[in-house]
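What follows draws every value from the coordinates through simple rules; no lab data is involved. Keep in mind it's a predicted model, so treat the numbers as computed, not measured.
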Amino acid sequence: MTIWIVRYVANGSALPSDSHFRTEERARKIFDPIKGTHLVDDFGIELKYTDNGVWILTNPEFSAAFGVALHAANEAAARTYGITMPPPGQSTQ
């Protein structure tokens, strides 16, 4: 089962407000009618920028794919600069 997340972050706020849905259809009933500048990133995460803040439509699979890609990019950068990266989940301290 995939959980769909509709997240709102108001301008000037660091605290998001989340709603969780069992289906994409239910999440889209909230997300799709929102008016704003619509962006879909390379991982499938959708954002709508409004005058009051940003709305995000995502799910754990999209977030995990981003996390894997980010870790790979960090490893590549570390090799470039001769830095040894710890295995995932292990502290550098």
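The string of couplings for region 53-61 from the Karplus curve (6.51, -1.76, 1.60, θ = phi - 60°) is x, 10, 10, 10, 10, 8, 8, x, 5 Hz, one whole number per residue in order, with x for Gly and Pro. Taken one residue at a time, the phi angles of region 71-80 give Karplus couplings (6.51, -1.76, 1.60, θ = phi - 60°) of 4, 4, 5, 5, 4, 4, 5, 4, 4, 4 Hz. Gly and Pro are set to x. Working from Cα pairs under 8 Å separated by at least six residues, relative contact order for region 41-93 is 22 percent.
Building the convex hull from the alpha-carbon atoms of the chain and averaging its projection over directions returns 8.2 nm².
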